[in-house]
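**Student:** I have a structure here, written as structure tokens, and I will follow up with some questions on it.
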Amino acid sequence: MNDTSNTPANKNSVAPLGTPTRVVVTLKAGLIFALANIVCVVIAVIAYTHVHRTIHTISVTGWASKNIKSNLIIWTGTVTDQSPDLADGYKHLAADTAAVVAFLEKHAIPPAAIRTSSIAINTNYARDRFGHLTDTISSYNLSQNILVTSRKNLRQVASAGRLTTRLIEKGIAVTTAPPEYLYTHLSRLKISMLADATRDARVRAGEIATNSGARLGKIIYARMGVLQIDPIYSDSVSSEGNDDTTSYRKTVMAVVHSQFQLK
């Protein structure tokens, strides 16, 4: 009769016939260790690839400037008259406006460049002995604008506009505003200056790359800032952009913020 007193209770824990338990445990541990090594190698390869695929870039700001001459002038003068009678005031104002227009034409301003606005009328009311306004009309203030717009002889227009104040000596109440000098080809100029500023940015980036032992690659992006239009030789800068209209000669500056790839 066989002796079963030494037989283990759990048969699953018994190693296969002919295979020591220690050998089985060693094989499992080796397998786990091998898989762990493979995972570590994969992670290391991914990390190495990611690092070496990172695109190194350099950000620079390029700029370009150009001196221009305005090609459009806008001059405005205002003729005024005050009269207790509206009809008389209208006649006086019409005569004074005609005199100013004739003066401008005499100073080489072509009639086609001169326009007059409609007459503006403001009614003045009398006050009583207590200083309160009444319904009684005391007088009328009348005014009319004269507008000169020209693409030719800009300085001649500005000079004629200044000289109109001489008519005050003849009893004509005329006031003038400073002329506005404009440049109407900014859209085309902006494109060419964008190209110039981008080239300047590439030169700057190339110098930095060369001095750091790298090579400059392709441009990744370029963003143009606001234009600065200032009186010539002025270096005024505004975050919203300057738009000078007081000067005949101007300096236009364009800025480009760009980014290049480094190799």
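Values in this text are rule-based calculations from the coordinates and carry no lab data. This structure is a prediction, so every number in the text was calculated from the model and none was measured. Cβ sites come from the backbone with ideal geometry, for glycine too, and all protein chains shown count toward neighbours.
**Student:** Would you mind checking the pairs Lys106/Lys250; Lys106/Lys152; Lys190/Lys218; Lys152/Lys250; Lys152/Lys190 and listing those with alpha carbons more than 19 angstrom apart?
**Tutor:** In this structure, Lys106/Lys250; Lys190/Lys218; Lys152/Lys190 exceed 19 Å between Cα atoms.
**Student:** Arranged by the count of other C-beta atoms within 10 angstrom, fewest first, what order do Glu207, Glu169 take?
**Tutor:** Ranking Glu207, Glu169 by Cβ neighbours within 10 Å, fewest first, gives Glu169, Glu207.
**Student:** Could I ask something else about it? Where does the stretch 84-125 land on Rg(C-alpha)/(2.2 N^0.38 Å)?
**Tutor:** Ratio of Rg to 2.2 N^0.38 Å for the stretch 84-125: 1.43.
**Student:** If you don't mind, there's one more thing I want to ask. Give me, ordered by chain and number, the residues 5 or more places off Ala173 or on other chains with an amide H under 5 Å from its own placed amide H.
**Tutor:** Correct list: Thr80.
**Student:** Which whole-Hz ³J(HN,Hα) couplings does the stretch 151-161 yield from phi under the Karplus relation 6.51 cos²θ - 1.76 cosθ + 1.60, θ = phi - 60°, glycine and proline marked x?
**Tutor:** Whole-Hz 3J(HN,Hα) from phi for the stretch 151-161: 9, 10, 6, 4, 5, 5, 5, 4, 5, 4, x.
**Student:** Quick one: Trp63, Trp75, fewest Cβ neighbours within 10 Å first, how do they rank?
**Tutor:** Going from sparsest to densest Cβ surroundings: Trp63, Trp75.
**Student:** Listing Thr175, Thr149 from the residue with the fewest other Cβ atoms within 10 Å to the one with the most, what is the order? Show your work: numbers first, answer last.
**Tutor:** On the way: Thr175 13, Thr149 16.
Ordered from fewest to most neighbouring Cβ atoms within 10 Å, Thr175, Thr149 come out as Thr175, Thr149.
**Student:** How high is the relative contact order of the stretch 72-182? Use alpha-carbon pairs under 8 Å, at least six apart in sequence, and give a whole percent. Can you show the working numbers first?
**Tutor:** Working: 200 pairs, mean separation 50.7, N = 111.
Relative contact order of the stretch 72-182: 46 percent.
**Student:** What area, in nm² and to one decimal, does the C-alpha convex hull of the stretch 81-160 cast on average over all directions? Don't skip to the end; give the middle numbers.
**Tutor:** Values: hull surface 26.4 nm².
Average of the hull's projected areas for the stretch 81-160 equals 6.6 nm².
**Student:** Under 17 Å from the Cα of Lys263, which aspartates and glutamates turn up, not counting those fewer than eight places away in the same chain?
**Tutor:** By straight Cα distance, Lys263 reaches Glu207.
**Student:** Below 15 angstrom from the Cβ of His107, what's the summed charge of the other residues (Lys, Arg +1; Asp, Glu -1)?
**Tutor:** +4
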